[in-house]
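Inspection log for the structure reproduced underneath, given as structure tokens.
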Amino acid sequence: MRFAGVKELKHQTMEILKESEKEDIIITAYGKPTAVLHHITEDDLADYLIENDPKFKMRIEESFTEYTLSGGIEAGDLIKKLGKKHAKKV
């Protein structure tokens with residue numbers, strides 16, 4: 001991990017982007033950290049967007065809360081329930 005100032009980032013953007021493929025780079029402004037430059041591939045983009053979407057996170061938290069309050073369902077029971085639904089459709 002290395003540090004790069006805003007001025008360095010401005011003047012050496014492509015070089016710093018290439019370096020980010022090997023390691024994260026902390027971007028600083030006036031000597032204080034302000035951002036992290038982390039390499040991402042096209043394959044990773046969808047996962048990143050989902051993992052960092054506030055609406056998605058809220059839905060997961062709401063679902064988990066509902067699951068916790070209702071007591072949930074055992075995995076074996078879920079498999080049986082899904083098996084019965086599948087059997088009815090066939």
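Among the aspartates and glutamates, which fall within straight-line cross-link reach of K57, defined as a Cα-Cα distance under 20 Å, with same-chain neighbours fewer than 8 residues apart omitted? Of all the aspartates and glutamates, those that pass the test against K57 - Cα under 20 Å, at least 8 places apart if same chain - are D44, D47, E66. When each of the peptides 11-23, 54-66 is scored by how many other beta carbons lie within 10 Å of its residues on average, the order from highest to lowest is 11-23, 54-66. FRET efficiency for the pair A35 and F56, taken as 1/(1 + (r/R0)^6) with r the Cβ-Cβ distance and R0 = 30 Å, rounds to 0.85. Close amide H pairs (under 5 Å, H built 1.01 Å from N) link I26 with R2, F3, A4, L37, residues at least 5 positions away or on another chain. If you average the sequence gap of Cα pairs under 8 Å that are 6 or more apart and divide by the length of the chain, what percent do you get for the contact order? So the answer I get is 18 percent. Just check the stretch 42-89 against the gyration tensor rule for me: Cα atoms, a ≥ b ≥ c as the square roots of the eigenvalues, rounded for a/c under 1.5, and otherwise prolate or oblate depending on whether a/b exceeds b/c. The shape class here is oblate.
Each listed q (0.18, 0.20 Å⁻¹) maps to a log10 I(q)/I(0) for the chain from the Debye sum over equal C-alpha point scatterers, namely -0.92, -1.01.
Per-residue extension of 0.36 nm, minus the Cα-Cα distance of K18 and M1, leaves a gain of 4.8 nm for this segment.
Coordinate-derived values only; no laboratory data. Model, not experiment: these values are computed from the prediction. Glycine also receives a Cβ, built like all others from the backbone with ideal geometry; neighbour counts cover every protein chain displayed.
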